[in-house]
């Protein structure tokens with residue numbers, strides 16, 4: 001099994017671009033890849049964001065992911081940093097839902113600091 005450090009996290013826009021490239025190169029992709037492409041296209045669009053106004057950009061995702069990995073409480077959870085960078089939650093309650101899956105203890109002030117970082121990167 002791959003170690004966490006060996007994993008690469010990418011955003012939906014990158015998945016979309018990779019699958020579209022595969023379709024162009026091969027002329028066809030599998031049913032599963034087509035379904036993944038459709039989902040990635042939707043999630044990478046503004047309509048796919050919970051607030052309906054943030055479009056996914058691989059550069060923004062990577063910069064935000066790196067900034068989140070600098071957070072003392074989040075840096076042990078690159079998968080959560082990836083999820084936060086992709087969803088870009090701007091509400092404390094939404095952030096709590098994401099960090100709850102790993103039982104990351106953060107008070108409201110700490111969460112608001114993370115939201116400030118998100119705003120600096122996506123707005």
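Odds and ends about this structure:
- Exactly one residue out of 120, 76 is closer than 25 Å to residue 14 by Cα and assigned to a loop (DSSP other than H, G, I, E, B): that is 76.
- Identity of the residue in the range 101-117, within 16 Å of the chain's Cα centre (by Cα) and assigned to a helix (DSSP H, G or I), that ends up surrounded by the most Cβ atoms within 10 Å (Cβ to Cβ): 114
- Residue match in the range 49-59 (condition: at pLDDT 95 or above, more than 12 Å from the chain's Cα centre (by Cα) and in a loop (DSSP other than H, G, I, E, B)): no
- Boolean, residue 95 is under 13 Å from the mean Cα position of the chain (by Cα), assigned by TED's automatic domain parsing to the domain that holds residue 63 and over 14 Å from residue 65 (Cβ atoms): yes
- Tally, over the range 97-112, of residues that are in contact (Cβ under 8 Å) with a residue 12 or more places away in the chain and out of contact with any helix residue (DSSP H, G or I) (no Cβ under 8 Å at 6 or more places or on another chain): 2
The values are calculated or read from the model by the stated rules, or taken from the named source; none is laboratory data. Since this is a predicted model, take the numbers as computed values, not measurements. Cβ sites come from the backbone with ideal geometry, for glycine too, and all protein chains shown count toward neighbours.
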